[in-house]
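The values are calculated or read from the model by the stated rules, or taken from the named source; none is laboratory data. This one's a predicted model, so the numbers in the text were calculated from it and none came from an experiment. Here Cβ is always computed from backbone atoms with ideal geometry, including for glycine, and neighbour counts include all displayed protein chains.
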Amino acid sequence: MSSSLIDDAKRRAAYKAVDEYIPPTTKVVGIGSGSTVVYVIERILQRGKEANNNVVFIPSSFQSKELIVQHGLTLGDVDAYPEIDVTIDGADEVDEHLNAIKGGGGCHLREKVIAEAAKKFIIVADHRKNSKVLGENWTRGVPIEVIPFAYTRVIMALKTLGCGNPVLRMAKAKAGPVITDNGNFVIDAHFGLIHDPDDLMRKIKMLTGVVEVGLFVRLAQIAYFGNENGSVTEKKSVLYETE
Ligand SMILES: O=C[C@H](O)[C@H](O)[C@H](O)COP(=O)(O)O
């Protein structure tokens, strides 16, 4: 599938999420990070200045803060708005229960804060992210943000938890490791198929030096996946099916 077809798929998922989950009454919107979220902003801007005038946007990263500011939207902070109406974000993989792997861009710590602060957390992605079980398609591993001082110890501990080859994420255009928006490192740890993401998330989070794990368990209400044929698949959490 060409990259423009994938971009189209991301765009359709993002547009649908904005159309269905940001009604005119919405006051506070959380903005995730990554390439799909760019289309979320694109759709929000298409609603026009008037529709966005009274809406505050809360970023989950340097990237989303820049998107909000550059497009003249009102920037807020989770300190001032600890309760968000709806957060829309991308994902690296989503399982059948709407658990997700996130952090391919190293932003999962702030993204999780913004997701947990939201009454509704919505995922937007292309069809490659739509799996039955986590680890099926996303084999780069679970992103784990760690304080630099502890990274070697965390890598050792991840091996005892069953990860064969945890890798410190290296920067592409700089010598040395990726540094997150919070000044930390990221370790990518592939665990094969993850049948119990809650259990794995808790075990990793208990390791000293781990700041946040890119496993989002039971947080999403709905996920939209843009497909190759132009359709959009909706996956809804059983936790919200009664709504
Ligand atoms: O740290 C990055 C985030 O978790 C992204 O939301 C995730 O990697 C998906 O990004 P994209 O929309 O570019 O596939």
Which residues, taken from region 27-43, are surrounded by 16 or more Cβ atoms within 10 Å (Cβ to Cβ) and more than 16 Å from the ligand (Cβ to nearest atom)?
Val28
Just a yes or no: is a residue in region 214-225 in the same structural domain as Asp126 (by TED's automatic domain parsing) and over 13 Å from Asn99 (Cα atoms)?
yes
Out of all the residues in region 200-228, which are farther than 15 Å from Gly90 by Cα and not in a loop (DSSP other than H, G, I, E, B)?
Leu200, Met201, Arg202, Lys203, Ile204, Lys205, Val210, Val211, Glu212, Val213
If you check Pro24 against the conditions, is it assigned by TED's automatic domain parsing to the domain that holds Gln221, away from the ligand (no atom under 14 Å from the Cβ) and touching a helix residue (DSSP H, G or I) at 6+ places or on another chain (Cβ under 8 Å)?
yes
List the residue pairs whose Cβ atoms are under 8 Å apart, where the first residue sits in region 141-168 and is free of Cβ contacts under 8 Å to residues at least 40 places away in the same chain, the second is assigned to a helix (DSSP H, G or I) and not polar (S, T, N, Q), and the two are 6 or more positions apart or on different chains.
Pro166/Val154; Pro166/Ile155; Pro166/Leu158; Pro166/Lys159; Leu168/Tyr151; Leu168/Ile155
Taking into account only those residues within region 85-126 that are in a strand (DSSP E or B) and of a type in the set (D, E, K, R), which is nearest to the ligand (Cβ to nearest atom)?
Asp89
Pairs returned, first residue in region 95-120 that is more than 12 Å from Glu212 (Cβ to Cβ), second residue that is assigned to a helix (DSSP H, G or I) and among the polar types (S, T, N, Q), beta-carbon separation under 8 angstrom, 6 or more apart or interchain, are Gly105/Gln63
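Taking the condition modelled with pLDDT of 95 or more and more than 27 Å from Lys119 (Cα to Cα), does Gly192 pass? Working first, answer last.
On the way: modelled with pLDDT of 95 or more: yes; more than 27 Å from Lys119 (Cα to Cα): yes.
Considered against the rule, which asks whether it is modelled with pLDDT of 95 or more and more than 27 Å from Lys119 (Cα to Cα), Gly192 comes out as yes.
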Please determine whether any residue of region 167-187 is in a loop (DSSP other than H, G, I, E, B), buried (at least 17 other Cβ atoms within 10 Å of the Cβ), within 16 Å of the ligand (Cβ to nearest atom) and acidic (Asp, Glu).
yes
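Restricting to region 89-116, name every residue that is crowded, with 19+ Cβ neighbours inside 10 Å and farther than 23 Å from Val186 by Cα. It would help to see each step written out before you state the result.
Filtering region 89-116 for residues crowded, with 19+ Cβ neighbours inside 10 Å gives 89-95, 98-112, 114-115.
If the condition is that a residue be crowded, with 19+ Cβ neighbours inside 10 Å and farther than 23 Å from Val186 by Cα, then Leu98 is the only one that fits.
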